[in-house]
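First up is the structure itself, then whatever we jot down about it.
The values are calculated or read from the model by the stated rules, or taken from the named source; none is laboratory data. Treat the numbers as computed from the prediction; the structure is a model and nothing was measured. Cβ atoms come from the backbone with ideal geometry, glycine included; neighbour counts cover every protein chain shown. The accessibility values were calculated without ligands, DNA or RNA, using every heavy atom of the protein model including side chains. Shrake-Rupley method; radii C 1.70, N 1.55, O 1.52, S 1.80 Å.
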Amino acid sequence: MIRSLIVCLAVCLAAGAAAAETDPALAARRAAQQLDHAALALQEADRARDRVAALTQTVRAYEAGLVAMREGLRRAAIRQQALRLEFDARQAEISRLLGVLQTMQRSPETMLLLHPSGALGTARSGMILSEVTPALQARAEALRDDLEEVAVLRALQQSAADTLVEGLAGAQTARTALSKAISDRTDLPRRFIADTDAMRQLLESSDTLEGFASGLASLDDLSDSQPLAAFDTRRGALSLPVQGTLLRRFDEPDAAGIRRPGVLLATRPLALVTTPAPATIRYLGPLLDYGNVMILEPDGRYLLILAGMAEVYGEVGQVLPEGAPVGLMGGKSPNVDAFLSIATEGGGTDRPETLYMELREGKTPVDPAEWFKVNKE
């Protein structure tokens, strides 16, 4: 049922995408529909056979709905501002137009056609009026449409607050339920049991992420060295583990001139991090100054490192399917006022959290951009 709701939502969005691109109000309404579908998915999650998968889809649906709502409100604010500037620039013209329309409304038609020079002048004025009136009417209708659009955009922004209260609360409820479902899960297969002594020694002896990852690759923990899937065939087609945008490329220096053999992704607070491919958990927990780190093995030759999460899920040795949740980013969910401020006024940033991602083949880092569909906007 959860999957059918999400699929139905995707179809509806695809059908209306073209119209929404040109209509900010329609885009915001469709975002509200996304949040409604996410709320329905949350209600259905308790009855799902796999609650973790259902709640993962629900959290993703809420994230997508809130992103769409933010974008819709942003575009609505831009459109409203454009109309306001247009009205200000055309204020004198609009005043003259309104004055002419009011005069025509008060004056009888016979008086409008009467001319002091006699019948010929009256005929000429009638011909001129017959040509001018349609143009005046068209300009008046265009003005009316613009004013109606402003009223719609204002009403939309006012009604968005109620929708956002429910959407933000629903997203947090879904995250909490997901965390509990993961802690209750007992059905995941395991490829090995962690050697705690070896892991402790590796942690104590490693002073860099590279050193830890290289040492981890050397540990012979796996009882089954066969790859989980044809990982090599996914090159260039993997989805990012989190909804985010590329902040720093592979080996690109930061402001301090430090280069890292991975990419940095900007994410929203509390964004859900998932596995881009089936993988075994090789390590999870705090590591050096990277915060919580998750190291996944999608193939015996590769390690995927995800660093910077506030919370991580799972146990070492567990085999995760593609799209399984592995953690949450840090930060706090914005309240409605902050959300509306960022969306409509552009204050601050809506992606203050960062996830570091590194992919290693053997002991050598490789550029994740060659494997993942990286959003560079």
*Can you tell which of 303, 296, 355, 359 is part of a strand (DSSP E or B) and free of Cβ contacts under 8 Å to residues at least 40 places away in the same chain?*
296
*Determine, yes or no, whether residue 314 is more than 22 Å from residue 193 (Cβ to Cβ), open to solvent by 10 Å² or more (accessible area, probe 1.4 Å) and touching a strand residue (DSSP E or B) at 6+ places or on another chain (Cβ under 6 Å).*
no
*Can you tell me which residues in the range 275-301 are farther than 17 Å from residue 240 by Cβ and small (Gly, Ala, Ser)?*
285, 291, 300
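Picking from 42, 55, which residue would you name as being buried (at least 17 other Cβ atoms within 10 Å of the Cβ), of a type in the set (A, V, I, L, M), in contact with a Gly (Cβ under 9 Å, 6 or more places away or on another chain) and within 16 Å of residue 173 (Cβ to Cβ)?
Working: 55 fails: in contact with a Gly (Cβ under 9 Å, 6 or more places away or on another chain).
The match here is 42.
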*asked:* So residue 225 passes all but one of these: (1) touching a strand residue (DSSP E or B) at 6+ places or on another chain (Cβ under 7 Å); (2) open to solvent by 60 Å² or more (accessible area, probe 1.4 Å); (3) modelled with pLDDT under 85. Which condition number does it fail?
replied: (1)
*Within the range 166-217, tally of residues that are closer than 30 Å to residue 259 by Cβ, in contact (Cβ under 8 Å) with a residue 24 or more places away in the chain and either open to solvent by 20 Å² or more (accessible area, probe 1.4 Å) or assigned to a helix (DSSP H, G or I) (or both)*: 11
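Condition check ((1) buried (at least 23 other Cβ atoms within 10 Å of the Cβ); (2) more than 19 Å from residue 364 (Cβ to Cβ)) across all residues:
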{"site": "245", "(1), (2)": "no, yes"}
{"site": "254", "(1), (2)": "no, yes"}
{"site": "261", "(1), (2)": "no, no"}
{"site": "291", "(1), (2)": "no, yes"}
{"site": "296", "(1), (2)": "yes, no"}
{"site": "309", "(1), (2)": "yes, yes"}
{"site": "331", "(1), (2)": "no, yes"}
*asked:* For the range 338-368, give me each residue that is among the aliphatic types (A, V, I, L, M) and modelled with pLDDT under 90.
replied: 338, 340, 342, 343
